[in-house]
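Everything on this sheet refers to the single structure shown next.
The values are calculated or read from the model by the stated rules, or taken from the named source; none is laboratory data. All values reported here derive from a predicted model rather than from experimental measurement. Using ideal geometry, Cβ is built from the backbone for each residue, glycine included, and neighbour counts are taken over all protein chains shown. We work out accessible area using only protein heavy atoms, side chains counted, and drop any ligands, DNA or RNA first. Shrake-Rupley method; radii C 1.70, N 1.55, O 1.52, S 1.80 Å.
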Amino acid sequence: MTVDEAIEIAETALNYDRLNKIQEIVFRQSWEGQSYKEIAASTEYEYDYIKDAGAKLWKLLSTALEEKVKKDNLKSVLKRYLRRSQVNLQRNLTIEVNLSGANLSGANLSGARLFANLNEADYGQADLDKTINADTKTELSDSENEINWNGFCFHSDAQVKIAEILDRTSTLFIPNSQLRLTTPAGRQNQEADFLIFHQNKLGMLKIDRESSHPNTTEDEMCQLFIDSGISLVKHYDPTRCSEQPDLVVQEFLEILSHVQA
């Protein structure tokens with residue numbers, strides 16, 4: 001993991017708040033193993049100012065990364081954060097959830113049943129440093145209107161664009177999830193374009209069809225999801241998802257981060 005990658009991960013954990021000039025100096029040179037005195041000597045800042053800025057930065061990162069961060073454990077904390085937050089599910093994932101009995105508000109899926117074909121992936125030995133820079137592969141499949149992206153099958157360019165941004169921001173997500181839930185009319189199947197895990201919360205991002213708008217039935221289903229424990233269900237226009245996927249993802253994660261668990 002390079003220092004630039006580490007800064008990107010840290011800023012993502014800080015809800016995309018960019019480090020200011022002094023914070024970035026302290027982060028970069030601490031990453032390289034320099035002491036506060038060495039950092040001060042190589043900059044125009046006083047030693048006490050550098051030390052104070054460092055203490056404030058580690059406190060800020062400790063809250064965002066949910067682990068005590070110090071100058072000498074920065075690398076190890078970020079690597080553990082990645083292991084906790086980034087899971088690269090390969091394909092053929094099916095979720096069966098009884099949302100009437102599962103508490104998903106804390107993204108705790110102990111009440112859900114997960115069935116996955118992980119294609120012999122060994123996540124325990126996964127090199128997460130390399131995962132950040134993994135090449136993204138997108139190609140048309142043999143089936144009409146299907147796009148293969150990193151082993152997932154998508155039905156539109158909008159889905160691919162959103163997946164690329166979620167992947168770039170190291171966000172844990174499950175695309176095209178099949179959910180089975182209990183409704184007032186009985187057990188039903190539903191599909192979510194994206195289930196997104198962020199800051200111990202579970203959100204659902206749905207991309208509207210090109211020729212339709214959310215109707216009363218869909219609104220009722222969204223409310224059922226929320227009542228059952230999903231923190232956020234939000235619809236987005238497909239054109240906006242295709243043309244401004246970065247802003248869509250940033251907005252969704254920002255709203256999800258402020259939803260009360």
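Summary of values
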quantity: Residue-by-residue Karplus 3J(HN,Hα) for segment 26-38, coefficients 6.51, -1.76, 1.60, Hz, glycine and proline x; calculated: 4, 4, 4, 7, 5, 4, 7, x, 7, 7, 4, 5, 5
quantity: Inter-site label distance for Asn15 and Ile255 at 7 Å from Cα along Cβ, in nm; calculated: 1.5
quantity: About the Cα centre, charge dipole magnitude for segment 164-261 (Lys/Arg +1, Asp/Glu -1 at Cβ), debye; calculated: 380
quantity: Accessible area per residue, Å², segment 146-261 with all protein chains present, probe 1.4 Å; calculated: 47
quantity: Around Glu46: net Lys/Arg minus Asp/Glu count, Cβ-Cβ under 11 Å; calculated: -1
quantity: Distance (nanometres) between label positions extended 7 Å along Cα→Cβ at Arg180 and Glu66; calculated: 2.9
quantity: Sequence-distant lysines (8 or more away, or on other chains) whose Cα lies within less than 24 Å of Lys37; calculated: Lys21, Lys51, Lys56, Lys59, Lys68, Lys70, Lys71, Lys75
quantity: Sequence-distant residues sharing a close amide H with Tyr236 (under 5 Å, placed H); calculated: Lys206, Ile207, Asp208
quantity: J(HN,Hα) series, segment 158-168, from Karplus relation 6.51 cos²θ - 1.76 cosθ + 1.60, nearest Hz, glycine and proline x; calculated: 4, 5, 4, 4, 5, 4, 4, 5, 4, 5, 5
quantity: Charge sum, other residues only, whose C-beta stays under 14 Å from Leu247's C-beta, Lys/Arg counted +1 and Asp/Glu -1; calculated: -2
quantity: Bins of 5 Å, starting at 0 and running to the largest distance - Cα pair percent for segment 170-261; calculated: 3, 12, 23, 27, 20, 11, 3, 1
quantity: Sites matching GluC sites (Glu not before Pro) across segment 148-240 that sit in DSSP coil, with at most 15 neighbouring C-beta atoms within 10 Å; calculated: Glu210
quantity: For peptides 35-42, 182-189, sequence by mean Cβ density within 10 Å, most packed first; calculated: 35-42, 182-189
quantity: Distance (nanometres) between label positions extended 7 Å along Cα→Cβ at Glu191 and Glu44; calculated: 5.8
quantity: Environment charge of Trp58, counting only residues whose C-beta is closer than 12 Å and scoring Lys/Arg +1, Asp/Glu -1; calculated: +3
